[in-house]
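Here's the structure we're looking at; comments come further down.
The values are calculated or read from the model by the stated rules, or taken from the named source; none is laboratory data. In this text the structure is predicted, and so the values were computed from the model without any measurement. Neighbour counts run over all protein chains shown; Cβ positions are idealised from the backbone, glycine included.
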Amino acid sequence: MASAEASQALVDQLFQSEAPQLRRYFRRKTGDHEGAADLVQDAFVKMAEVPVVAIRNPAAYLQRIARHLIADWFRSRRDHPYSEHIPLEECDAVVSPPQEDLYLFERAVSGMSPKTRTVFLAKRVEGLTYEDIAKRLGVTTKTVEYHMGQALVHIQWFLEGQ
């Protein structure tokens, strides 16, 4: 019984030290604030299922759990693409900014990776379709969708931090 109490105490201590960083990691990977909190909870539930006192490096073990949860999260989206699907064209997370916010918007866009920025500007400024962007860049439409999603998450994250 003492071992179970020691494991629980270690999980509690780990939660205090690692949960904020883990939440940011999940939020950055998924772009979903509420989902990130759920994933943190899932990670610690999985952590509590094993005798933590027997684990040599609990923080590293927790990171491995987190990576597996992210893989599962993306896999579930791939396997069920229409379960929570909102076409990116209809996503209102990013809209044309008012003139006074143009500076912030430009800073957000300049912070994107070059390919993500190219995809985003081709869609939002030039009005190209995903297929046209894919042809222009010599990539698949799925790659264009990925970069557009990354762009929207980046801008949302950037604007929330201001």
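Structure data summary
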quantity: Selection from the range 11-62 of residues that are in contact with a helix residue (DSSP H, G or I) (Cβ under 9 Å, 6 or more places away or on another chain) and basic (Lys, Arg); calculated: Arg23, Arg24, Arg27, Arg28, Lys29, Lys46
quantity: Selection count where residues are assigned to a helix (DSSP H, G or I) and surrounded by 15 or more Cβ atoms within 10 Å (Cβ to Cβ), scope the range 41-60; calculated: 9
quantity: Subset of the range 86-97 (residues that are more than 14 Å from Gln156 (Cα to Cα) and modelled with pLDDT of 50 or more); calculated: Ile86, Pro87, Glu89
quantity: In the range 140-154, residue nearest to Gly31 (Cα to Cα) [restricted to those that are without any contact (Cβ under 8 Å) to a residue 24 or more places away in the chain and touching a helix residue (DSSP H, G or I) at 6+ places or on another chain (Cβ under 8 Å)]; calculated: Thr143
quantity: Selected residue (criterion: modelled with the highest pLDDT) from residues of the range 61-85 that are of a type in the set (Gly, Ala, Ser) and surrounded by 10 or more Cβ atoms within 10 Å (Cβ to Cβ); calculated: Ala66
quantity: The range 101-129: number of residues that are of a type in the set (S, T, N, Q), in a helix (DSSP H, G or I) and under 19 Å from Thr143 (Cβ atoms); calculated: 2
quantity: Inter-residue pairs, beta-carbon under 6 Å, first under 23 Å from Met112 (Cβ atoms) and modelled with pLDDT under 85 and in the range 7-33, second among the charged types (D, E, K, R) and surrounded by 17 or more Cβ atoms within 10 Å (Cβ to Cβ), 6+ apart; calculated: His33/Arg27
